[in-house]
Amino acid sequence: MSVPYYPPSVWLMAGLDPILIAVALVLGWKADQLGKVSIVAIAALAVSVLASWILTGIGLPWPAPIGHDLPTFFPVRTAAAFLWALLGYGARRVIAPRP
């Protein structure tokens with residue numbers, strides 16, 4: 001039995017999950033300390049995986065589906081969640097700095 005091959009475009013779609021991006025950016029924007037970015041990333045990962053699993057389960061097409069016979073790409077999703085949360089945190093510091 002060989003290991004299945006997934007093209008890089010599939011890996012990229014896991015990091016560009018719209019729910020992952022939205023949750024990570026919004027919560028990263030609201031984070032008031034840099035250390036909270038990792039907590040934001042975990043929350044964004046959990047919400048996006050749950051939403052993707054539900055949407056895939058009811059049969060709606062989704063760019064990054066999750067199922068029992070589909071790849072989950074947790075390392076890619078985790079890294080992307082952290083980067084999107086860090087981007088939201090940094091954007092808040094540049095666009096609307098707090099006094």
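Looking only at helices (runs of 4 or more DSSP H) that fall completely inside segment 2-67, which ones have 3 or more residues that are among the β-branched types (Val, Ile, Thr) and closer than 28 Å to Gly90 by Cβ?
Details: elements: 8-15, 18-30, 36-57.
Qualifying helices (runs of 4 or more DSSP H): 18-30, 36-57.
Condition first: in contact (Cβ under 8 Å) with a residue 12 or more places away in the chain and outside any helix (DSSP H, G or I). Now tell me which residues in segment 69-81 satisfy that.
Leu70, Pro71, Thr72, Phe73
Which residue, of Ala44, Ala14, Ala85, Ala81, is at pLDDT below 95, crowded, with 17+ Cβ neighbours inside 10 Å and small (Gly, Ala, Ser)? Talk me through it step by step, then tell me what you get.
Numbers: Ala44 fails: at pLDDT below 95; Ala85 fails: at pLDDT below 95; Ala81 fails: at pLDDT below 95.
Residue meeting the stated conditions: Ala14.
All but one of (1) among the charged types (D, E, K, R); (2) over 15 Å from the mean Cα position of the chain (by Cα); (3) surrounded by 15 or more Cβ atoms within 10 Å (Cβ to Cβ) hold for Lys30; state the number of the condition that does not hold.
(3)
So which residues in segment 57-99 are over 20 Å from Pro7 (Cα atoms) and of a type outside the set (A, V, I, L, M, F, W, C)? Step through it out loud before you land on a result.
Step one: of segment 57-99, the residues over 20 Å from Pro7 (Cα atoms) are 57-60, 81-99.
Hits for segment 57-99 are Gly57, Gly59, Gly88, Tyr89, Gly90, Arg92, Arg93, Pro97, Arg98, Pro99.
Within segment 57-68, does at least one residue satisfy the condition of being free of Cβ contacts under 8 Å to residues at least 40 places away in the same chain, on the phi > 0 side of the Ramachandran plot and exposed (fewer than 14 other Cβ atoms within 10 Å of the Cβ)?
Within segment 57-68, one or more residues are free of Cβ contacts under 8 Å to residues at least 40 places away in the same chain, on the phi > 0 side of the Ramachandran plot and exposed (fewer than 14 other Cβ atoms within 10 Å of the Cβ).
The values are calculated or read from the model by the stated rules, or taken from the named source; none is laboratory data. As the structure is a computational prediction, the values presented were derived from the model and not from experiment. Please note: Cβ atoms are built from the backbone with ideal geometry, for glycine as well, and neighbour counts cover all protein chains shown.
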